Amino acid sequence: AKANGKNNFQFFNSELNRQLERKVAIEHGLRKALEENELSLYYQPKVDLHSGRIIGSEALLRWNHPEFGLISPNEFIPIAEETGDIAAIGDWVLQTACKQNRKWQKMGFPFLTIAVNVSARQFQQQDFLKKIHTGLQEIGYSPKLLELEITESIMQNIKESTEMLKSLKATGIKTAIDDFGTGYSSLFILKELPIDTIKIDKAFIDDIKEAGDYSMVRTIINMGLNLNLEVVAEGIEDEFQAEVLAKNQCNYGQGYLYSKPVQAHEFEQLLIEGLKK
Ligand code: C2E
Ligand code: CA
Ligand code: CA
Ligand code: CA
């Protein structure tokens, strides 16, 4: 048993080492990822649940790492926040997503919206608003057709965040609370913050199944609608969920049922040909 214990320890040790090495490699790689064109955006359609039409998309970041292959944003965004690289990466994401969407708008989809994920650290930069504003002007992009997705973690700086949300609203840019219902302060957010949209977290959508209890989802939708917010469901994977959501007046949704996040040229096909289902 003793020898075994030692082996386990060695295994544990080398596994820890491997993880640490990977983290260090990611930290270093981040700095060059932008210059080396290793980052790209995928687009997931946002669908009107009643008509089944695409009304916009969410841009989702991908990193094709020279050594590790495709790395999930869940892994590298938190590291980019630690190192501060999120600032440059975030600027790139916003600019690339808006440029791309502007192209689609000009192709004959003038009201197509785009949603961009913004991390708390990025949102709290002093010059955030000014940078977006100049960026949009440069490409002639209407602020009304841009939505920023933020999470409840911005609540750590409630005063600054409220000011930022107010300024964004004044420019016409829309804001959404992402992963709604998973944080500590969901109700407080609804009451206090000038936001436009709540995105119900996938965990609540997963509850929607035949003979399942999905009273929570209905409650969230009703609260949102009563406060005149747009309500979006994320992570819709089957027909039943889509029907229940539509019946309960949740107007918009995203999920694998409609499409996974896809590359720009594939999204363009979806726009032109419509969704398969
Ligand atoms: P999120 O914003 O909550 O995005 C939803 C995630 O769920 C995405 O994962 C998406 O691909 C996935 N998803 C969509 N529909 C379904 C479905 O029907 N079933 C399942 N199982 N999953 C679905 P992804 O692309 O790996 O992104 C993970 C997270 O990384 C995002 O979560 C977001 O928090 C963050 N992220 C992605 N891109 C960016 C970015 O440009 N900037 C920042 N700051 N964060 C980003
Ligand atoms: Ca999101
Ligand atoms: Ca989400
Ligand atoms: Ca999420």
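Remark on TYR252: its backbone amide H falls under 5 Å from those of LEU49, VAL231, ALA233, a criterion applied only to residues 5 or more positions apart or on other chains, H modelled at 1.01 Å from N. For the range 167-265, the alpha-carbon coordinates run over 41, 39, 23 Å along the three principal axes, in decreasing order.
Partners of LYS23 within straight-line reach, counting aspartates and glutamates whose Cα lies under 15 Å from its Cα and excluding those fewer than 8 residues away in the same chain: GLU15, GLU67, GLU75, GLU81, GLU82, ASP85.
The orientation-averaged projected area of the convex hull spanned by the Cα atoms of the range 145-188 comes to 3.1 nm².
Summarising the strand pairing of the chain, around 40 percent of its internal DSSP beta bridges are antiparallel. Highest mobility in the GNM of the chain, judged by mean-square fluctuation with C-alpha springs under 10 Å and restricted to SER57, SER142, SER72, is found for SER72.
Note on the range 55-184: Kirkwood radius taken over Cα pairs, Stokes-Einstein applied at 4 °C and 1.567 mPa s, translational D equal to 84 µm² s⁻¹. For the range 162-267, the solvent-accessible area of protein heavy atoms averages 48 Å² per residue (probe radius 1.4 Å; ligands and nucleic acids excluded). Starting from the Cα of SER72, step 7 Å toward the Cβ, then list every residue of the range 242-277 with an amide N under 12 Å from that point. Nothing falls inside the zone, counting backbone N under 12 Å.
Taking the helices alone, the chain has a mean residue ellipticity at 222 nm of -15500 deg cm²/dmol, built from -39,500 (n - 2.57) per DSSP H run of at least 4 residues and averaged over all its residues. Database remark: amide H of THR113 closer than 5 angstrom to the amide H of GLY56, SER57 (H placed geometrically; neighbours at sequence offset of 5 or more, or on other chains; Pro and chain starts carry no H). Here the alpha carbons of the range 210-255 define both size measures, Rg and Dmax, at 10.2, 30 Å.
Only aspartates and glutamates eight or more places from LYS209 in sequence, or on another chain, were considered; those with a Cα closer than 14 Å are GLU237, ASP238, GLU239, GLU243.
Packing-based ranking of 257-263, 146-152, 185-191, 85-91 yields 146-152, 85-91, 257-263, 185-191, ordered from highest to lowest mean Cβ neighbour count within 10 Å. Express in whole angstrom the spacing between the alpha-carbon centres of the range 128-200 and the range 18-90. Taking the Cα centre of the range 18-90 as reference, the centre of the range 128-200 is 20 Å away.
With θ taken as phi - 60° and the Karplus curve 6.51 cos²θ - 1.76 cosθ + 1.60 applied, the whole-hertz 3J(HN,Hα) list for the range 156-162 is 4, 10, 4, 5, 4, 5, 4 Hz, x standing for glycine and proline. Considering all C-alpha pairs of the range 7-49, those separated by over 15 Å amount to 66%. Applying a threshold of 18 Å to the alpha-carbon distances of LYS46/LYS130; LYS144/LYS166; LYS130/LYS174; LYS99/LYS260 flags LYS46/LYS130; LYS99/LYS260 as lying beyond it. Hey, could you get me the Stokes-Einstein D for the chain, Kirkwood radius over alpha-carbon pairs, 25 °C and 0.890 mPa s, rounded to whole µm² s⁻¹? Using the Kirkwood radius from Cα pairs, D works out to 121 µm²/s.
Comparing the range 1-94 with the 2.2 N^0.38 Å rule of thumb, its C-alpha radius of gyration ratio is 1.54 (two decimals). Relative to the dominant Cα principal axis of the chain, helix 2-33 is inclined by about 50°.
Measuring nothing but protein heavy atoms, the accessible surface of the range 23-86 at 1.4 Å probe radius is 45 percent carbon and sulfur. To the nearest ten degrees, helix 128-139 and the longest principal axis of the Cα atoms of the chain are 60 degrees apart. Across the range 45-50, rounded Karplus estimates of 3J(HN,Hα) from the backbone phi angles (6.51 cos²θ - 1.76 cosθ + 1.60, θ = phi - 60°) give x, 9, 10, 6, 5, 7 Hz, Gly and Pro being marked x. With θ taken as phi - 60° and the Karplus curve 6.51 cos²θ - 1.76 cosθ + 1.60 applied, the whole-hertz 3J(HN,Hα) list for the range 146-152 is 10, 10, 9, 9, 10, 10, 5 Hz, x standing for glycine and proline.
The values are calculated or read from the model by the stated rules, or taken from the named source; none is laboratory data. None of these values were measured; they are calculated from a predicted model. Positions of Cβ are generated from backbone atoms using ideal geometry, with glycine treated the same way; all protein chains shown enter the neighbour counts. Areas reflect the complete protein model, heavy atoms only, side chains present, ligands, DNA and RNA absent. Shrake-Rupley method; radii C 1.70, N 1.55, O 1.52, S 1.80 Å.
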